[in-house]
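Asker: Quick one: the structure is below, questions incoming.
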Amino acid sequence: MGSSLRVGLLFLVLLLVGRGKTARAQATGEGTEANAAQPAPVSIPKLLAEARVLQREYRESEALAKYEEVLARDPRRYDALWQASLLSMKIGGRYSDETRKNAYFVLARQYADRSLAVNPDGAEANYAVALSLVTQATLRTAYGRLYAYKEMQPYVFMAVARRPDWADAWALLGRWHFRVDHYNILERAFSSLFLGGMPNGASSRKAVDALVRAHQLDPKRLQFCYDLARVHINRKQFSRAYKVLEEANAIQPITSEDLELSRRCRLLYDQMRRKLKISSPEAPAAPSR
């Protein structure tokens, strides 16, 4: 009887020890198939590369999600911050509902400010802040819009100075020059009374120079063609506008935004052709007599 009791107790001890080892193995993942099959986390450089591919494929929402995944792991990742800002503005601009549009614009401004905090002299961060200011201004009062154009000046100038080879920065600078130089009398008076004066140094001549530079750096961008042509038309430089619009007609639109810009360029092109009395290239030749 005593021997049977000792054997029973020994068996119970061995059973408990075995269960303890199994529990530790499960807790640590040692020796389990599930742990062996667990994929390693995707590296940040790989996520950034995937985001850039998605951007080139015009899959902006998916690209933004990739950049946000990067920022969840590295909140101060500079390239993810400013890219997320630009994508948020682009996505938000497509909504007609102002609540959703504003939500994206606010998010864009937050990403822009964070990128500027990481790299105050970065061209991309300064560009993102400048663009977010003018983008948010589209939903603001007249005061808000004037304030945005005054506040954005140092940022857009810094973006061009730090990256003179960046077409987007030149285009934004050109828009700034043109808009400020064309303030009406009430906007000028309001700026003088409530904003400490007009922004300094704006001129239509500088707007043309900046937009020409943007067009030279990226001649296939329909937005740059359209903006440059409109400034030429405003300055009564109709032949120059016609030439730019002729180039725009040869550009194949890709996105829905491109299709709309292509349509606008075509309308301006037809106007300039009539003004300059240029016959349509599609028109049939007159029969000889």
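The values are calculated or read from the model by the stated rules, or taken from the named source; none is laboratory data. All of these numbers come straight from a predicted model, not from anything done at the bench. FYI the Cβ positions are ideal-geometry reconstructions off the backbone, even for glycines, and counts take in every protein chain you see. SASA here: full protein model, heavy atoms, side chains in, ligands and nucleic acids out. Shrake-Rupley method; radii C 1.70, N 1.55, O 1.52, S 1.80 Å.
Asker: Need the full-extension length gain, Asp258 to Val118, defined as separation in residues times 0.36 nm minus the C-alpha distance. One decimal, nm.
Answerer: Gain on stretching Asp258 to Val118: 47.1 nm.
Asker: Further question on the same structure: How far is it, in nm, from the label point at Ile185 to the one at Ala72 when both lie 7 Å from their Cα along the line to the Cβ?
Answerer: It is 5.8 nm.
Asker: Could I ask something else about it? Report the label-to-label distance for Arg52 and Ser239 in nanometres (one decimal), using points 7 Å from each Cα along the Cα→Cβ vector.
Answerer: 4.3
Asker: Which of the pairs Lys46/Lys90; Lys101/Lys236; Lys206/Lys243; Lys90/Lys236; Lys101/Lys275 have their Cα atoms more than 29 Å apart in this structure?
Answerer: Correct reply: Lys101/Lys236; Lys90/Lys236; Lys101/Lys275.
Asker: Report the far tail of the P(r) of segment 128-284, meaning the percent of Cα-Cα pairs longer than 27 Å.
Answerer: The calculated P(r) of segment 128-284 puts 29 percent of pairs beyond 27 Å.
Asker: So if each residue of separation counts as 0.36 nm, and I subtract the Cα-Cα distance between Val42 and Ala250, what length gain in nm does that give?
Answerer: In short, 70.7 nm is gained.
Asker: Next up: Leaving out ligands, DNA and RNA, and with a 1.4 Å probe, what % of the accessible surface on segment 226-267 is carbon or sulfur?
Answerer: Result for segment 226-267: 50 percent of the exposed heavy-atom area is carbon or sulfur.
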